Amino acid sequence: MTITRTKNALSFDIYRKSTTTDIIIPYDSCHPSEQKLAAIWYYVNRMNTYDIDITNKQKELSTIKQIIQNNKYDTSILNEVQRSRKKQEKEQTNKKTKWARFTYVGKET
């Protein structure tokens, strides 16, 4: 992550080394779909988790789209990943933790 200072605030951006390639598991590979989508999930999660401004987020989104296209994926898969990520976040916020009390009686507890 790179940090740049603007007039009154800090601006964050996702840093990529100059040796970084845009290679992930190709779409036409025989790997399971969960393994193929893992990198895309990671990129989307990183983009949404880091505190970056809208312009840097758009730049990162275009980079992710470019990586997806270079590895023979359909770019609509990005929308599906973002949609399912939002759905998971909503389910986690709605999920309440239930606690139970047990009285200690010995080894049976």
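So T63 passes all but one of these: (1) more than 16 Å from the chain's Cα centre (by Cα); (2) closer than 20 Å to Y15 by Cα. Which condition number does it fail?
Checking T63 against (1) more than 16 Å from the chain's Cα centre (by Cα); (2) closer than 20 Å to Y15 by Cα, the one that fails is (1).
For region 84-97, which positions are more than 15 Å from A38 (Cα to Cα) and either hydrophobic (A, V, I, L, M, F, W, C) or in a helix (DSSP H, G or I) (or both)?
Filtering region 84-97 for residues more than 15 Å from A38 (Cα to Cα) gives 86-97.
The answer is K86, K87, Q88, E89, K90, E91, Q92, T93, N94.
With respect to I52, is the statement that it is in a helix (DSSP H, G or I), surrounded by 10 or more Cβ atoms within 10 Å (Cβ to Cβ) and either β-branched (V, I, T) or touching a Gly at 6+ places or on another chain (Cβ under 7 Å) (or both) true?
Values: in a helix (DSSP H, G or I): no; surrounded by 10 or more Cβ atoms within 10 Å (Cβ to Cβ): yes; either β-branched (V, I, T) or touching a Gly at 6+ places or on another chain (Cβ under 7 Å) (or both): yes.
Against the criterion (in a helix (DSSP H, G or I), surrounded by 10 or more Cβ atoms within 10 Å (Cβ to Cβ) and either β-branched (V, I, T) or touching a Gly at 6+ places or on another chain (Cβ under 7 Å) (or both)), I52 does not qualify.
FYI, it's all coordinate maths here, none of it is from the lab. This structure is a prediction, so every number in the text was calculated from the model and none was measured. Note that each Cβ is placed from the backbone with ideal geometry, even for glycine, and that neighbours are counted across all protein chains shown.
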